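Engineer: To start, I am sharing the structure in question, which I have written as structure tokens.
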Amino acid sequence: MGLMVKFFSQTRKPEGTLGKMMLKGMNSGHAKLADWGFEHLPKLSLKKAADLGCGAGKNAGELLKKYPQANVTAMDYSALSVQKAKEYNQAMIDAGRCRVIQGDISKLPFEADSYGLGSSPVKSMDNIHSKKMKYFMIQQMHFTL
């Protein structure tokens, strides 16, 4: 497997040095699109929001800024992503407004109707190849959030 293939395979579950590079690139490379999306989110009075497939944590940080009264749970499948998201959002974790957990979006560890808003990068769904599983996950996210 060539270096470029190894690097781009890090989008699914970042690990090691190449994973760290990928996560840094995701935070900066997706920033303009994410900023555009956050500009279009409605003003809501949220208590809880979730960032599913949080990567290195930038979008969780943006949710915390956009909704200053909300607590945010960021979740990712990758242990390295969880570590980097914790580093990125450490001040808000210390303030009790953010938690970062490792988990699988096909098995959300949340109670139904416990979150007012959820965000998930489209790329999270790219890593799931079964249409039936994608449909199930979208249903589960809608039910939970």
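The values are calculated or read from the model by the stated rules, or taken from the named source; none is laboratory data. Not measured: the values here are computed from a predicted model. Glycine also receives a Cβ, built like all others from the backbone with ideal geometry; neighbour counts cover every protein chain displayed. Just so you know, the surface numbers come from the protein's heavy atoms only, side chains and all, with ligands and any DNA or RNA stripped out. Shrake-Rupley method; radii C 1.70, N 1.55, O 1.52, S 1.80 Å.
Engineer: Compare Asp104, Asp94 by solvent-accessible area with a 1.4 Å probe and give them largest first, with all protein chains kept in place.
Structural biologist: On the way: Asp104 50, Asp94 115 Å².
These residues rank, largest area first, as Asp94, Asp104.
Engineer: A follow-up question, please. Taking a threshold of 29 Å on the Cα-Cα distance, which of the pairs Lys6/Lys66; Lys20/Lys107; Lys13/Lys43; Lys6/Lys86; Lys24/Lys48; Lys6/Lys43 fall above it?
Structural biologist: Values: Lys6/Lys66 35 Å; Lys20/Lys107 25 Å; Lys13/Lys43 32 Å; Lys6/Lys86 25 Å; Lys24/Lys48 26 Å; Lys6/Lys43 40 Å.
As for pairs spanning more than 29 Å Cα to Cα, those are Lys6/Lys66; Lys13/Lys43; Lys6/Lys43.
Engineer: In addition: From the phi of every residue in segment 56-66, what ³J(HN,Hα) in whole Hz does the Karplus formula 6.51 cos²θ - 1.76 cosθ + 1.60 yield, where θ is phi - 60° and glycine or proline is x?
Structural biologist: 7, x, 4, 5, 4, x, 5, 4, 4, 6, 5
Engineer: Would you grab the residues whose amide H sits under 5 Å from the one on Asp51? Only those 5+ places off in sequence or on another chain, please, with H modelled 1.01 Å from N.
Structural biologist: So Asp51 has HN proximity to Thr73, Ala74, Met75, Ser119.
Engineer: If you don't mind, another one. Ignoring ligands, DNA and RNA, how do Ser28, Ser114, Ser81 rank by accessible area with a 1.4 Å probe, largest first?
Structural biologist: On the way: Ser28 85, Ser114 30, Ser81 0 Å².
Final ranking, largest accessible area leading: Ser28, Ser114, Ser81.
Engineer: At 7 Å along the Cα-to-beta-carbon direction for both Gln69 and Asp35, put a label point, then send me their distance in nm to one decimal.
Structural biologist: Output for this residue pair reads 2.7 nm.
Engineer: Sorting Thr17, Thr73 by accessible area (1.4 Å probe), largest first, what list results?
Structural biologist: On the way: Thr17 105, Thr73 10 Å².
The ordering from most to least exposed comes out as Thr17, Thr73.
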